[in-house]
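Inspection log for the structure reproduced underneath, given as structure tokens.
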Amino acid sequence: MDALAPLKLRNPALTYPHTSMPRHHFLLVRASYHDPDVTGMEPWKRQWKLEHASRLNEKKKKEYTEGILNSVAVDWIKNALKSKEGKEYKPDLMKLEVPPQVVTSDPDEDFIPVVKVDGNFELESAQVKPGKKAK
């Protein structure tokens with residue numbers, strides 16, 4: 001049996017020309033939050049990746065980036081600020097580190113996987129796995 005058989009796709013346009021491995025595209029978003037009253041001299045930085053981003057034009061890339069920044073990024077900051085008494089999230093302090101990119105190689109583990117569910121962006125780790133019950 002061919003060891004790569006489970007990885008082969010029916011549509012050869014979605015594979016690398018020299019293998020049967022699927023071609024994955026990732027939207028990479030790097031952001032930082034810097035509130036000197038909370039973070040001190042160094043900003044808090046976080047990186048997210050959205051898989052299956054092969055057909056994103058510039059308009060969609062911007063829309064998806066804003067969606068990630070306005071959902072999982074805000075949740076990250078608000079969660080971090082819970083331990084800082086009296087500190088609130090200030091949207092104007094969230095900045096993109098670099099322009100968002102679409103790449104074909106899986107980035108390192110420092111990037112947090114994000115998925116789009118019903119038009120919203122959520123952490124992949126928050127998704128209920130098939131066969132498991134939600135908590």
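Residues in the range 108-126 that are open to solvent by 80 Å² or more (accessible area, probe 1.4 Å), touching a residue at least 40 places away in the same chain (Cβ under 8 Å) and farther than 24 Å from residue 39 by Cβ: 116, 120.
Can we say residue 54 is open to solvent by 80 Å² or more (accessible area, probe 1.4 Å), modelled with pLDDT under 90 and small (Gly, Ala, Ser)? No. Hey, can you tell me all the residues within the range 17-51 that are outside any strand (DSSP E or B) and either closer than 15 Å to residue 65 by Cβ or at pLDDT below 50 (or both)? Passing the criteria: only 25. Condition (residue is open to solvent by less than 60 Å² (accessible area, probe 1.4 Å), free of Cβ contacts under 8 Å to residues at least 40 places away in the same chain and over 21 Å from residue 24 (Cα atoms)) applied to the range 92-107: is it met by at least one residue? No - not one qualifying residue is present in the range 92-107. Which ones in the range 97-113 are in contact with a helix residue (DSSP H, G or I) (Cβ under 7 Å, 6 or more places away or on another chain) and farther than 16 Å from residue 60 by Cα? Of everything in the range 97-113, just one residue is in contact with a helix residue (DSSP H, G or I) (Cβ under 7 Å, 6 or more places away or on another chain) and farther than 16 Å from residue 60 by Cα, namely 113.
Taking the criterion of being assigned to a strand (DSSP E or B) and more than 14 Å from residue 29 (Cβ to Cβ), the residues of the range 108-121 that qualify are 117, 120. Across the range 31-51, the qualifying residues are those that are open to solvent by 70 Å² or more (accessible area, probe 1.4 Å) and under 25 Å from residue 102 (Cβ atoms), and the one among them that is nearest to the chain's Cα centre (by Cα) is 46. Residues that are among the hydroxyl-bearing types (Ser, Thr, Tyr), open to solvent by 80 Å² or more (accessible area, probe 1.4 Å) and either in a loop (DSSP other than H, G, I, E, B) or touching a residue at least 60 places away in the same chain (Cβ under 8 Å) (or both): does the range 82-91 have at least one? Scanning the range 82-91 turns up at least one residue that is among the hydroxyl-bearing types (Ser, Thr, Tyr), open to solvent by 80 Å² or more (accessible area, probe 1.4 Å) and either in a loop (DSSP other than H, G, I, E, B) or touching a residue at least 60 places away in the same chain (Cβ under 8 Å) (or both). Would you pick out the residues in the range 64-74 that are open to solvent by 30 Å² or more (accessible area, probe 1.4 Å) and either among the polar types (S, T, N, Q) or over 13 Å from the mean Cα position of the chain (by Cα) (or both)? Passing the criteria: only 70.
The values are calculated or read from the model by the stated rules, or taken from the named source; none is laboratory data. None of the values given here were measured: they were computed from a predicted structure. For neighbour counting, all protein chains shown are included, and Cβ atoms are generated from backbone atoms with ideal geometry for every residue, glycine included. The protein model used for the area step is the full one, side chains on, heavy atoms only, and it has no ligands, DNA or RNA in it. Shrake-Rupley method; radii C 1.70, N 1.55, O 1.52, S 1.80 Å.
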